[in-house]
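Asker: After the structure tokens below, expect a handful of questions from me.
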Amino acid sequence: MPDIGARVHELRALENLAAGRTVIHRLHPLVKLIYTLVFIVFVVSCSRYSFAGLTIYLFFPFVMMAIAELPYKLMLSRVLIALPFCLFGGISNVIFDRGPAFTIGSVTVSLGMVSLATILVKMYLSVMAVLILVATTPFIDLTTQLRRLRVPTIFVMVFEMTFRYIAVLLEEVHSMMTAYRLRSGNRKALEMKHMGSFLGQLVLRSFDRAERVHAAMSCRGYSLHEIPRAPRKLGGVDLFALALVCLPTVLLRFIVIG
Amino acid sequence: MLHVKDLIIDYADGTRAVDGLSFSVAAGENVALIGANGAGKTSLLLSLVGILTPASGEILINDLPLSKDNLRQIRSQVGLVFQNPDDQLFMPTIGEDIGFGPRSFGYDEAETASRVTSALEELGIVHLGERSPLKLSSGEKRLAAIGTVLALSPTFLLFDEPTAFLDPRARRNLTSILGELPQGKLIATHDLSFAEQVCTRVLLVQKGKLVEDSGTGLLADESTLETAGL
Ligand SMILES: Nc1ncnc2c1ncn2[C@@H]1O[C@H](COP(=O)(O)OP(=O)(O)OP(=O)(O)O)[C@@H](O)[C@H]1O
Ligand SMILES: [Mg+2]
């Protein structure tokens, strides 16, 4: 809790990365969006025991991060956030799927363990793909493309608002926690008896704040129904780039992993 | 010309925040809006950009009546600088934040970029273009927030407590910048000496009603100010 301020900075840090000027940043946003989807579909559709084959994909994110000059540490720390959820889902496989997969010396590795490892690798690859997309494409470009792909306005809007709102919410928590600590003998955590009113206030305050941010956005022409900026046309070069990035992913999937 | 006639604003809980206000601000004119806490200044400003819908009355901006249908046009003509810059700056960098308006209004990248540059130059904050709003001082944030509004080249600027949080030097800087901006301005403020330096006319409101509309001489008239709760 104490470093929520730092979290807000981190969250914006990912967004700040999108202002870069590398080749990846300059790719057409639609190319990146489609490639990310292709990559995730291919990774997720691999069989549940395809751990060994999937490891080939592991270097993909690193190549992308290197070309896009993204900081490995920041990106990897973001991926870890999703880890507990996947572990939770994967553990049950270990318990129920006891059949032997292979043995190393005298240790038998069960199919369940292989599938847990597969889930983790799939999670890592998919989350990483999304993070790289977000870190190389300004948010507004992404939502413009979603609108262009005829994703219903309401989804795009919720997406945009959530994105702005998380930062707003964290900032409110930060300032309320600071005020709380100053008057509670510098307690690190919130006491249970104060939790209710704290959360209630938080919801009210952040709604209030979100309302004002939204007002400021609409004063400057933000509208839920229109495409905020004329989207860049998809040219021959962009299509070529799309084919180029998709090719290795597709080939690997069919030739190596099968 | 910004023209307000018999404006009434009610909140959902029944509070009447503005109670029959009428006045106008000419092009290029600098007008101070003063009044005690809760007098209705913020509510008035919010209604002038269509965030609050008045219960009755009329708002005309350059002869165009404010209505749901021409909100976009009105909002490119009238720029509101919020009391708290944190509400106004929501993009990762100041440059992008200033570009948000022009982009939303459909200007192309070249035009947007040139508007961003000229807003930054006009306010003397070119060095802040790549910075994140989270890491700026209050004075810098205030100028950045003004920049976001200038980028749409409005004819009227509305300010809600522009000198709040500013140190004397940032305040002097703001005074001289506002003095040079050519737009007509309506400035809600509790800072009477600031009002005197920037404005030529003063509107005094009390409980949502206009009680004085006069020159800056009013700012020295302590008994009138005091009866209005200031
Ligand atoms: N969201 C709201 N709901 C209900 N009443 C409100 C709301 N916002 C403001 N009011 C009321 O409307 C009146 C005018 O408030 P407003 O904020 O416009 O005053 P102000 O002149 O800007 O005050 P200050 O100088 O303190 O900023 C006050 O009585 C206030 O309590
Ligand atoms: Mg106010």
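The values are calculated or read from the model by the stated rules, or taken from the named source; none is laboratory data. A quick note: this is a predicted structure, and the numbers were derived from the prediction, not measured. So basically every Cβ, Gly included, is an ideal-geometry build from the backbone, and we count neighbours across all protein chains shown.
Asker: Could you check B:LEU80 against (1) away from ligand 2 (no atom under 16 Å from the Cβ); (2) touching a Leu at 6+ places or on another chain (Cβ under 7 Å); (3) outside any loop (DSSP other than H, G, I, E, B) and say which number it fails?
Answerer: (1)
Asker: Scan the helices (runs of 4 or more DSSP H) fully inside the stretch A:50-144 and keep the ones with 2 or more residues being closer than 30 Å to B:GLY106 by Cα.
Answerer: The helices (runs of 4 or more DSSP H) meeting that bar are A:111-136.
Asker: Here's a follow-up. Can you name the condition, by its number, that B:ILE74 falls short on among (1) away from ligand 2 (no atom under 16 Å from the Cβ); (2) at pLDDT 95 or above; (3) crowded, with 20+ Cβ neighbours inside 10 Å?
Answerer: With respect to (1) away from ligand 2 (no atom under 16 Å from the Cβ); (2) at pLDDT 95 or above; (3) crowded, with 20+ Cβ neighbours inside 10 Å, B:ILE74 is out only on (2).
Asker: Something else about it: Condition first: surrounded by 15 or more Cβ atoms within 10 Å (Cβ to Cβ), of a type in the set (Lys, Arg) and over 13 Å from the mean Cα position of the chain (by Cα). Can you find one or more residues in the stretch B:188-205 that meet it?
Answerer: Checking the stretch B:188-205: at least one residue is surrounded by 15 or more Cβ atoms within 10 Å (Cβ to Cβ), of a type in the set (Lys, Arg) and over 13 Å from the mean Cα position of the chain (by Cα).
Asker: Take the conditions buried (at least 17 other Cβ atoms within 10 Å of the Cβ) and either touching a helix residue (DSSP H, G or I) at 6+ places or on another chain (Cβ under 9 Å) or aromatic (Phe, Trp, Tyr) (or both) and apply them to B:GLY40. Does it pass?
Answerer: no
Asker: Also: Only residues in the stretch B:139-157 that are farther than 15 Å from B:LEU178 by Cβ count as the first member; pair them with residues that are of a type in the set (S, T, N, Q) and surrounded by 24 or more Cβ atoms within 10 Å (Cβ to Cβ), Cβ under 8 angstrom, at least 6 apart or cross-chain, and list the lot.
Answerer: The qualifying pairs are B:THR148/B:GLN88.
Matching residues to (1) within 7 Å of chain A (Cβ to nearest Cβ); (2) of a type in the set (Gly, Ala, Ser):
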{"position": "B:PRO54", "(1), (2)": "no, no"}
{"position": "B:LEU60", "(1), (2)": "no, no"}
{"position": "B:ARG72", "(1), (2)": "yes, no"}
{"position": "B:GLY79", "(1), (2)": "no, yes"}
{"position": "B:PHE82", "(1), (2)": "yes, no"}
{"position": "B:ASP86", "(1), (2)": "no, no"}
{"position": "B:MET91", "(1), (2)": "no, no"}
{"position": "B:GLY99", "(1), (2)": "no, yes"}
{"position": "B:SER104", "(1), (2)": "yes, yes"}
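Asker: Against the condition surrounded by fewer than 20 Cβ atoms within 10 Å (Cβ to Cβ), more than 16 Å from ligand 1 (Cβ to nearest atom) and in contact (Cβ under 8 Å) with a residue 12 or more places away in the chain, how does B:ILE177 come out, does it pass?
Answerer: yes
Asker: Residues of the stretch B:100-125 being in a helix (DSSP H, G or I), surrounded by 15 or more Cβ atoms within 10 Å (Cβ to Cβ) and over 19 Å from the mean Cα position of the chain (by Cα), which ones?
Answerer: Selection gives B:ARG103, B:SER104, B:THR112, B:ARG115, B:VAL116, B:THR117, B:SER118.
Asker: Which condition breaks for B:ILE51 when tested against (1) within 16 Å of ligand 2 (Cβ to nearest atom); (2) touching a helix residue (DSSP H, G or I) at 6+ places or on another chain (Cβ under 6 Å); (3) farther than 19 Å from A:GLY221 by Cα?
Answerer: Condition (3) is where B:ILE51 drops out.
Asker: Just wondering, is there one or more residues in the stretch B:151-162 that are under 14 Å from the mean Cα position of the chain (by Cα), within 15 Å of ligand 1 (Cβ to nearest atom), surrounded by fewer than 16 Cβ atoms within 10 Å (Cβ to Cβ) and not polar (S, T, N, Q)?
Answerer: no
Asker: Okay, next question. Go through (1) within 13 Å of chain A (Cβ to nearest Cβ); (2) within 13 Å of ligand 1 (Cβ to nearest atom) for B:LEU44 and report which single condition fails.
Answerer: For B:LEU44, the exception is condition (1).
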